[in-house]
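Peer 1: Questions regarding the structure given below will be posed in turn.
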Amino acid sequence: MTALTTAPRRAGSSSTGIRRGEAAAGWLFTAPVLIILGVFLLVPVLMALWVSFSDWTGRGSPFSSNVNFVGLDNYAAVTTGGGLAERDFGTALRNNAWYVLLVVPLQTALSLFLAVLVNRAVLRGRGFFRTAFYFPSVTSSVAITVLWLFLFSTSGAVNEALSWLGINGPNWFSDPSGIVHNALASIGVANGPAALTGNTFLGVSWWDWLGGPSVAMSAFILMAIFTTSGTFMLLFIAGLQNIGGDVQEAAMMDGANGWQRFWRVTLPQLRPVLFTVLTLGLIGTWQVFDQIYTGTQGGPGKTTLTPAYLSYSSAFLSQEWGQGAAIAFVLFVIIVVLTILQRWVLRERPVSRRRARQYEVRTPKGGTR
C-alpha cells in the first residue's frame with residue numbers, strides 16, 4: 001500500500017522538476033532580449049518621464065543635484081499655460097487630428113478594397129499586383145517624401161496633370177489654408193460665427209479647429225494613404241484566405257448577392273484583422289514625424305506641425321527638454337485612450353432579441369423552436 005501511494009508522488013515531483021527546468025531554460029533564453037529591452041527601452045522611457053517632471057536643461061545628467069523637481073509645470077505649460085507653447089501644442093493636435101481622421105478610414109478602406117481585388121481567383125497576375133501595391137510600403141519614407149516634394153511642387157507632375165483638366169493646381173507645400181475654409185470661401189463664407197472665432201481650446205479658436213487640414217497637410221495625407229495601404233492589404237488578404245469557401249457558398253445558396261455576402265458574411269469575419277489594421281493605423285498616424293522632418297519642418301505657418309515633431313523641436317531645437325518630454329507623454333496617453341475606445345467600439349456584441357427572432361424556425365402551429 002505504501003509503494004502504491006509513494007509512486008504517484010515521485011512521478012508528480014519529477015514532472016514538477018521538469019516543468020521548473022523548462023521554465024528556467026525559457027527565462028535563460030529570453031534573458032538577453034529582456035536585458036536589451038530594459039536597457040534601451042524601459043530605462044530611457046523612465047528617464048524621459050523624470051525629465052518631464054524636472055527643469056533639466058539638457059546639460060549634464062538629468063539626475064544631478066542641480067536638476068529640480070517641478071511637478072506638473074511642464075505639462076501645464078503646453079496645456080494651460082496660455083502662451084506660445086500651448087498654442088503650438090493646440091495647433092499640432094489640430095493638424096494631427098485631421099491627419100488621423102482622414103488617413104485611418106481612407107487607408108483602411110483602400111487596403112480592404114485592394115485585398116478583395118487581388119484575392120479573386122479570376123484575376124490574372126495576382127502576384128504582380130500584390131507586389132506592386134506593397135512596394136511603396138517597403139520604400140524608405142524619406143525617399144517617398146522627397147519624391148512627393150517633386151511631384152507636388154508648383155511645376156510638378158500633379159499640377160501638370162491638373163492643368164490638362166483645366167484646374168489651376170495650388171502651391172501644395174506652401175499653402176497654409178485649410179481645405180474646409182477654402183470650400184466655405186468658395187460659397188461665400190469667409191469668416192466664421194463669433195461663437196467659433198471668439199472661443200478657443202488649447203490656444204486655437206474653434207473656427208480654426210474646424211478649418212480642416214491645410215493644403216500642405218493634404219499632400220502628406222495622400223502620401224500616407226499611398227505608402228501604408230499595401231501593408232494593410234497583406235493583413236486583409238491573410239484574413240480573407242482564412243474564410244472558408246463553404247460559408248460563401250452557403251450565402252450564395254441563400255440568395256445573397258455580392259454586396260450582401262461581403263457586408264453580412266465576409267466583413268464580420270474580418271473583425272480581428274480590422275481591429276489590428278485600425279489600431280496600427282491609429283498609432284502610426286499619431287506618431288508621424290519623419291515625413292514632416294524631411295518635408296516641411298512644420299511649415300507653412302505651422303499647419304503641418306505634429307505633436308511628435310513638436311516634441312523633437314521643443315527638446316532639441318528650443319532646449320525645452322521638460323516640455324518636449326511632456327508632449328511625448330501626453331501623446332502617449334492620447335494614443336492609449338483612443339486605442340481603448342476603439343477596442344470598446346469594435347467589441348463583440350450579443351445578438352439582440354429582435355435580430356434573434358429573424359432566425360427562429362416557425363412551426364406549423366405558430367410556435368417557434
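The values are calculated or read from the model by the stated rules, or taken from the named source; none is laboratory data. The structure displayed is predicted, hence computed values, not measured ones. For neighbour counting, all protein chains shown are included, and Cβ atoms are generated from backbone atoms with ideal geometry for every residue, glycine included. With ligands, DNA and RNA removed, areas are computed over all heavy atoms of the protein, side chains included. Shrake-Rupley method; radii C 1.70, N 1.55, O 1.52, S 1.80 Å.
Peer 1: Label point 7 Å out from PHE226 along Cα-to-Cβ: which residues of segment 258-291 have amide N under 16 Å?
Peer 2: 291
Peer 1: Here's something else I'd like to know. For the chain, with a Gaussian network of springs between Cα atoms less than 10 Å apart, report the residue from ILE167, ILE179, ILE340 with the top mean-square fluctuation.
Peer 2: Result for the chain, Cα springs under 10 Å: ILE167 fluctuates most.
Peer 1: When only alpha-carbon atoms are used, what values of Rg and Dmax, in angstrom, describe segment 9-135?
Peer 2: When restricted to Cα atoms, segment 9-135 yields Rg and Dmax of 26.5, 73 Å.
Peer 1: Convex hull over the Cα atoms of segment 271-333, averaged projected area in nm²? Before the final figure, lay out each step's value.
Peer 2: Working: hull surface 19.9 nm².
For segment 271-333, the mean projected area of the Cα convex hull comes to 5.0 nm².
Peer 1: At 0.36 nm per residue, and after removing the present C-alpha to C-alpha distance, how many nm does the segment from ASN171 to ALA238 gain when stretched out fully?
Peer 2: Roughly 20.1 nm would be gained on extension.
Peer 1: Something else: So for each of 312-321, 195-204, 243-252, 222-231 I average, over its residues, the number of other beta carbons within 10 Å; can you give me the resulting order with the highest mean first?
Peer 2: 222-231, 312-321, 195-204, 243-252
Peer 1: Sticking with this structure for a sec: Just reorder TYR293, TYR134 by solvent-accessible area, largest first, 1.4 Å probe, all chains present.
Peer 2: Sorted descending by solvent-accessible area, the residues read TYR293, TYR134.
Peer 1: For segment 168-268, restrict the atom set to alpha-carbon positions and state the Rg and Dmax in Å.
Peer 2: Spelled out, the Cα radius of gyration and Dmax of segment 168-268 are 22.3, 60 Å.
Peer 1: Highest GNM mean-square fluctuation, the chain, Cα pairs closer than 10 Å: which of SER153, SER111, SER186?
Peer 2: Looking only at SER153, SER111, SER186, the biggest GNM fluctuation is shown by SER186.
Peer 1: Let me ask something else about it. When N counts the residues of segment 229-287, how does its alpha-carbon radius of gyration compare numerically with 2.2 N^0.38 Å, as a ratio? Walk me through the numbers on the way to the answer.
Peer 2: Numbers: Rg = 13.7 Å, N = 59, 2.2 N^0.38 = 10.4 Å.
For segment 229-287, the normalised Cα radius of gyration comes out at 1.32.
Peer 1: Now, a different point. Please give the Cα centre distance for segment 191-209 versus segment 109-170, rounded to the nearest Å.
Peer 2: Here the two parts' Cα centres lie 36 Å apart.
Peer 1: Calculate, in nm to one decimal, what MET252 and ARG124 gain on full extension: separation in residues at 0.36 nm each, minus their alpha carbon distance.
Peer 2: On the way: separation 128, 0.36 × 128 = 46.08 nm, distance 2.38 nm.
Length difference between fully extended and current span is 43.7 nm.
Peer 1: Keeping the other protein chains in place, figure out the carbon and sulfur percent of the accessible area of segment 130-176, with a 1.4 Å probe.
Peer 2: The C+S portion of the solvent-accessible surface of segment 130-176 is 68 percent.
Peer 1: In addition: Per residue, how large is the accessible surface of segment 154-234? Use a 1.4 angstrom probe and give square angstrom.
Peer 2: 51 Å²
Peer 1: When N counts the residues of the chain, how does its alpha-carbon radius of gyration compare numerically with 2.2 N^0.38 Å, as a ratio?
Peer 2: 1.33
Peer 1: Once both labels are modelled 7 Å past Cα along the beta-carbon direction, what's the VAL333-VAL70 spacing in nm?
Peer 2: Going from the VAL333 label point to the VAL70 one covers 1.7 nm.
Peer 1: State the answer as a single residue: which of PRO193, TYR134, VAL103 lies farthest towards the positive end of the charge dipole of segment 58-196, with beta carbon charges of +1 for Lys and Arg and -1 for Asp and Glu, about the Cα centre.
Peer 2: After comparing all options, I get TYR134.
Peer 1: A further question follows. Which value, in Å² rounded to 10, gives the accessible area of LEU346 with a 1.4 Å probe and all protein chains present?
Peer 2: Here the residue's solvent-accessible area equals roughly 40 Å².
Peer 1: Right, something else. Given a Förster distance of 25 Å, report the FRET efficiency between ALA185 and GLN287 from their Cβ-Cβ distance, rounded to the nearest 0.05.
Peer 2: 0.15
Peer 1: Residue separation times 0.36 nm, minus the C-alpha to C-alpha distance between VAL39 and LEU346: what's the value?
Peer 2: Here the answer is 107.0 nm.
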